[in-house]
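Reviewing the structure listed below.
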Amino acid sequence: MKKFIYLCGMMLLSLNMMAQIDLNDRNWDTVLIENFDEGASYWQWDTLRFLNKGDYSWKAYMSTIAPKGEHEVYQFGNCQINTADNTMHLIAYYDSVNIHRNYYFLPKWMWIDNGGPGYPTNDSLFYFSGAMEYYKQHYVQDEADRKFLYGYFEIRCKLPQHPGTFPAFWLQDSSKDTIDPHYEEIDIFEHTRNLLHTYCNPTPPPTQDSARVFTTGIYYNNTGNKANHEDESFARNFPVISRSTPDLSNWHVFSCEWQPGTITWFFDEKEVNRSGPQDSIPHRPMRLKANYAIDIFACPENRPIWFGSGDMTIDYIKVYQLRWDCETDEEITCQSSLDNFDFAVKKSISITSTINDIKINDTDKVTFRVTDSFEITGPFQVNNGAEFAVIVQNCP
């Protein structure tokens, strides 16, 4: 029996390296499915939040008006829902008339009179851009309720392609608190057509086809400052998408599974990158964001400035999280206890029937997740056509 469990674990490892999570795994809970398909969905101007299913689910800008190095301002009006096909559009365009910075639409919470930072002090802004951040209800008092700790995150989108295009889907949190200063970030994807000097180098190697390169990465430190690399662990990779894959301006799925000790990235359901296990995997709750930026610094020499307008189109955003019950030792003694099993990550699971076989029926799919041990000491049967798996993993 020990040999059987070992082989099963090896099979799972192989499958897990090829594809994203199995949504038939009952250990996962659906936390968020945003399809932008509710007829009553709209951006509510007085609160600057997206009203969806009776819940203020998204904020139409990010905490920083003019991010360092991006030379743009995130505008509320640059997040637009197309009700004809139920998609979200994040729009970026060049400020062709050199509008004075005080013309920017500034949310009330950023007014100096309200204790906010006021208008950007950088006069060399080039672009208006779109961004959205998961916000949940505006009346939620617990900041943690607006964040995610571990899980599986997926977006289906079409990406713009032009010089400097820099759309992203990512998780981030930071604090300059003296007790727990930190900066943590997981880039599920960042894509830039200028990356790797495609526009700077007249003869880039074939593997640097800009339209087929996107980045995945992690930032982690205990300083509260992303710019301070002293205590930072940084893991970044540049997956090159096959030239046989349709153009990235068509629909594609980008996703990431973030677990304690490991992060795995996927493109169109296939694994493209993995990091861990290591102490630097982010371990604090983080905000989920999507934005379409323009990065004029992608080319260090002869920087091209893009003067057009682009669109990142989002079909859906989904989040799934595992149920955690890591202090429980679970014993399955009969068929009814298996049928009523509370699927979650347990400390240990043992199947100990001594009278009747405990069976997994033909069409059933059962996945057990444990942190310490899994043991079968009695009759146990997996019928032909059924699927059975055991996964050993860490808990938060």
Whose amide H sits under 5 Å from the amide H of R369, counting only residues 5 or more places off or on another chain, with H placed in the peptide plane?
A344, K346, I391
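With a 1.4 Å probe and every protein chain kept in, tell me what percent of the accessible surface of segment 255-396 is carbon plus sulfur.
Details: 2650 of 6410 Å².
Percent of accessible area from carbon and sulfur atoms in segment 255-396: 41.
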Largest-first ellipsoid semi-axes for segment 269-396, taking √(5λ) over the Cα gyration tensor eigenvalues, angstrom:
47, 18, 13
Whole-Hz ³J(HN,Hα) from phi, Karplus 6.51 cos²θ - 1.76 cosθ + 1.60, for segment 355-364, glycine and proline x
10, 10, 5, 9, 10, 9, 6, 3, 9, 7
Please compute the modelled spin-label separation between H162 and V392, points set 7 Å along Cα→Cβ, answer in nm with one decimal.
5.3 nm
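The values are calculated or read from the model by the stated rules, or taken from the named source; none is laboratory data. Small disclaimer: the values here were computed from a predicted structure and weren't measured. Ideal geometry is used to build each Cβ from the backbone, glycine not excepted, and the neighbour counts take in all protein chains shown. Calculation scope for accessible area: heavy atoms of the full protein, side chains included, ligands and nucleic acids excluded. Shrake-Rupley method; radii C 1.70, N 1.55, O 1.52, S 1.80 Å.
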